[in-house]
Amino acid sequence: MNKNYETTQRCPAGSFAYTIRSGDTLFALARRFNTTVEAITAINPGIDPNNLQVGRIICIPGAVTPPQPSCPNGFFHVVRPGDTFFGLSQQFGVSVEAIMRANPGVDPNRLQIGQRICIPGAVPPMPPCPNGFFYTIRAGDTLFALSQQFNISVQAIINANPGIDPNRLQIGQTICIPRPVTPTPPCPNGFYYAIRPGDTFFGISQQFGVSVEAIMRANPGIDPNRLQIGQIICIPTF
């Protein structure tokens with residue numbers, strides 16, 4: 001086979017381009033994409049089934065685009081280091097056989113970190129959220145929009161939700177929104193107060209009999225329009 005193959009590949013109608021990855025075989029690709037080894041070989045003249053080269057682009061017959069996995073009665077799990085079908089079956093309370101049936105073409109012995117697989121018949125676990133709060137994804141939500149809404153970075157949200165796919169948020173999915181880490185303001189002549197739902201500086205000023213201006217002076221750097229539930233502020237008493 002000529003090793004100076006093209007880095008791009010034009011595939012005929014009814015097929016799509018696929019980039020060979022480590023561990024791929026024509027047999028595994030035929031199973032994954034519901035075709036045959038013979039069909040793949042026929043559409044890629046000169047291919048050597050025993051010497052697939054990582055990074056080479058070949059054509060897969062039988063579809064215009066790769067089939068998208070579905071998981072109507074379960075949820076998607078992103079494979080992490082050390083994951084196995086047996087371990088996942090124990091973690092989510094579903095049999096190994098059920099996971100295999102829900103993921104035809106996935107080789108249990110060649111799971112790849114970052115690969116998305118379907119966990120059937122199980123409710124997605126709630127992520128731990130010790131320093132934040134849970135949020136349910138709504139139509140139109142993106143991690144960037146949530147980062148703006150809750151004044152936290154996209155990376156902080158990703159770190160708080162290991163395995164989350166930022167490009168495939170699902171309506172009804174529960175994620176953890178971590179609270180921004182902000183320094184506690186000094187409060188030598190007052191007391192600390194934790195922000196509750198609906199709080200505003202004006203409401204707090206009325207509650208404790210202190211002016212809005214005094215609260216703002218005691219909490220430099222805090223944006224009164226972006227108060228966070230659980231955020232600690234100083235209520236001055238002078």
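The values are calculated or read from the model by the stated rules, or taken from the named source; none is laboratory data. Fair warning: this is a prediction, and the values are worked out from it, not measured in the lab. Note that we place each Cβ from the backbone using ideal geometry, even for glycine, and neighbour counts take in every protein chain shown.
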(request) Tally the residues that are loosely packed, with under 14 Cβ neighbours inside 10 Å and closer than 16 Å to Arg80 by Cα, restricting the search to segment 138-164. (result) 2
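Report whether or not Ala194 is surrounded by fewer than 16 Cβ atoms within 10 Å (Cβ to Cβ) and within 26 Å of Pro224 (Cβ to Cβ). Before you say what the answer is, go through the steps one by one.
Details: surrounded by fewer than 16 Cβ atoms within 10 Å (Cβ to Cβ): yes; within 26 Å of Pro224 (Cβ to Cβ): yes.
Yes: the conditions hold for Ala194.
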(request) Mind listing just one residue for me: the one in segment 212-238 that is modelled with pLDDT of 85 or more, more than 21 Å from Ile152 (Cα to Cα) and loosely packed, with under 12 Cβ neighbours inside 10 Å and, of those, nearest to the chain's Cα centre (by Cα)? (result) Arg217
(message) With the requirement that a residue be surrounded by 15 or more Cβ atoms within 10 Å (Cβ to Cβ), within 15 Å of the chain's Cα centre (by Cα) and among the β-branched types (Val, Ile, Thr), what does segment 103-118 give you?
(response) Ile117
